[in-house]
Amino acid sequence: MRVPVSFVGLRVSVVDNVSFDAILAALKAAAEETRLRILYLLARGEFSVSDLTDILGQSQPRISRHLRLLCEAGLVERRREGAWAFFRLAGGGGLPAPLRALVDALPQDDALLARDLERLAQVREERARAAGAWFARIAPEWDQLRSLHAPEAAVEQAIRDLVGPAPVRALLDLGAGTGRMLQLLAPQAQRLVGVDASPAMLQVARANLERAGVTRAELRQGDINALDVERGAFDLVVVHQVLHFLDDPGRALREAASALAPGGRLLAVDFATHEHEFLRTGHQHRRLGFDDAQMAAWFTAAGLEPRQSVRLPTDGPDAAKAGCAGSGGDGLTVVLWLARDPRVITDWSPDGQNSGVA
C-alpha cells in the first residue's frame with residue numbers, strides 16, 4: 001500500500017483540542033500497515049475480530065494485538081455484544097484531525113485497499129443473509145401485529161413531523177430493534193447510538209443500516225433499565241414500541257431521561273390502552289398499552305415536561321384476518337408522546353460569568 005505523493009505537505013485544519021503528545025501517540029499507533037488498514041475499514045462501520053480476520057486475511061491473535069494497540073492509543077473502542085466484541089473508531093469517528101486526513105486520503109484504487117473493500121462487501125453480504133434468515137423466522141409474528149395498527153409509513157411520517165426538521169446533534173434509540181428509527185432519522189442526526197438487549201436484533205439492525213448506507217451508527221447491547229451510555233449527552237432519545245414489553249416502563253423512562261442533554265426531547269411511541277390479551281400470550285407484551293395520564297405521570301416523575309401526544313387510530317380492517325383469538329376485530333391505536341427536559345442552556349449566570357445550565 002502506498003500513500004499518494006500528493007498527500008505530502010497536506011495542510012490540516014486542527015479543530016480538535018488535542019495535545020501534541022496525544023497526536024504523536026495516535027500517529028505512532030497508526031504507523032503500521034495492518035493498523036492503518038484497520039482504521040480505513042473502521043471508518044466504514046463497526047466490525048468484530050472475526051470480521052476483520054476474514055477481511056484482512058490474517059490470524060485472529062495478530063488482529064487482536066493490533067486492535068489492542070489501537071484501543072490503548074484511544075483511536076478505537078471495543079464494545080461487548082453477548083459473547084462477541086465489536087470495534088469502531090473512538091468517539092463516533094473522532095480521530096485527531098491529522099490522522100483523519102491521512103485515513104481519508106488513502107486511495108481506494110490501491111490494490112491492497114481495493115481487496116479489503118471487496119472482502120468487506122462479502123462480510124456485509126454474509127451478515128445480511130444471516131440476519132435475514134433469523135428475521136424470516138419471526139416475520140409472521142411481526143406481520144400479524146402490523147395488521148392491527150396504522151401503516152408503518154403513516155407512523156414514520158408522524159415521527160418525522162413531531163421531531164421536526166432541525167438538526168439533531170446526538171440521537172439515542174432505546175430498543176433499536178431492526179434499526180429502522182436510526183435509519184429514519186439519520187439524515188438529520190450528527191451522531192447515532194442504538195441500544196438493544198438482543199444480539200440477534202443488533203445483527204439485523206447492523207445489516208439493515210449497512211444496506212441503507214448508514215455506517216456511522218453505534219450499536220450497543222444493553223439493558224434499557226440500566227443504560228451504559230453517556231448521561232446528559234443526547235438531545236433526542238427515542239423509545240419506539242418497547243415500553244409494552246417491560247414490567248416497569250416508568251423506570252425505563254427515568255433512565256432514558258437521564259441520557260438527555262438540557263433541553264433535550266424524549267419521544268415514546270407505543271400503543272394506547274387496548275384489550276388484546278392475545279398479545280400477552282403470543283407476543284410477550286407485558287402491558288396492554290398506555291393512556292395519556294399514565295405517560296404524563298411517568299414523564300413528570302422522570303423530571304420531564306410532557307409536551308404533546310399524537311394518536312394514529314385504525315379501524316383495524318385486517319384484525320379479523322389476523323387469526324388471533326380474542327382480538328375482537330378492533331385495531332390498535334399508535335400514540336406518539338413527546339416530553340422535554342426543562343433545563344436550558346443560558347449565557348447568563350449570577351456571578352456575571354458566561355455559560356451554565358439553568
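Determine if region 155-171 includes at least one residue that is modelled with pLDDT under 90 and either under 23 Å from SER48 (Cα atoms) or assigned to a loop (DSSP other than H, G, I, E, B) (or both). No, region 155-171 contains no residue that is modelled with pLDDT under 90 and either under 23 Å from SER48 (Cα atoms) or assigned to a loop (DSSP other than H, G, I, E, B) (or both).
Every residue, every condition in (1) part of a helix (DSSP H, G or I); (2) in contact with a Gly (Cβ under 8 Å, 6 or more places away or on another chain); (3) crowded, with 23+ Cβ neighbours inside 10 Å; (4) modelled with pLDDT under 95, yes or no:
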{"residue": "ALA205", "(1), (2), (3), (4)": "yes, yes, yes, yes"}
{"residue": "LEU219", "(1), (2), (3), (4)": "no, yes, yes, yes"}
{"residue": "VAL237", "(1), (2), (3), (4)": "no, yes, yes, no"}
{"residue": "ALA261", "(1), (2), (3), (4)": "no, yes, no, no"}
{"residue": "VAL269", "(1), (2), (3), (4)": "no, no, yes, no"}
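Please go through region 125-154 and give me each residue that is modelled with pLDDT of 80 or more and charged (D, E, K, R), ordered by number. GLU125, GLU126, GLU152, listed by residue number. For region 279-311, the candidate set comprises residues that are at pLDDT below 85 and surrounded by 18 or more Cβ atoms within 10 Å (Cβ to Cβ); within that set, the residue that is farthest from ASP248 (Cα to Cα) is LEU279. Looking only at residues of region 45-57 that are out of contact with any helix residue (DSSP H, G or I) (no Cβ under 7 Å at 6 or more places or on another chain) and outside any helix (DSSP H, G or I), we find that the one that is nearest to ALA217 (Cα to Cα) is GLU46.
Of the residues LEU246, LEU336, only one is under 20 Å from ASP173 (Cα atoms), surrounded by 13 or more Cβ atoms within 10 Å (Cβ to Cβ) and at pLDDT below 90; which? Break it down stepwise before answering.
Values: LEU336 fails: at pLDDT below 90.
Matching residue, one of LEU246, LEU336: LEU246.
Here ARG231 qualifies as of a type in the set (D, E, K, R) and either at pLDDT 90 or above or under 13 Å from the mean Cα position of the chain (by Cα) (or both).
Please specify each residue of region 281-308 satisfying the condition of being part of a helix (DSSP H, G or I), more than 18 Å from GLY264 (Cα to Cα) and in contact with a Leu (Cβ under 7 Å, 6 or more places away or on another chain). Selection gives HIS283 alone.
The values are calculated or read from the model by the stated rules, or taken from the named source; none is laboratory data. Bear in mind that the values here come from a model prediction, so they are computed numbers and not experimental data. Reconstructed Cβ throughout: ideal geometry from the backbone, glycine too, with neighbour counts over all protein chains shown.
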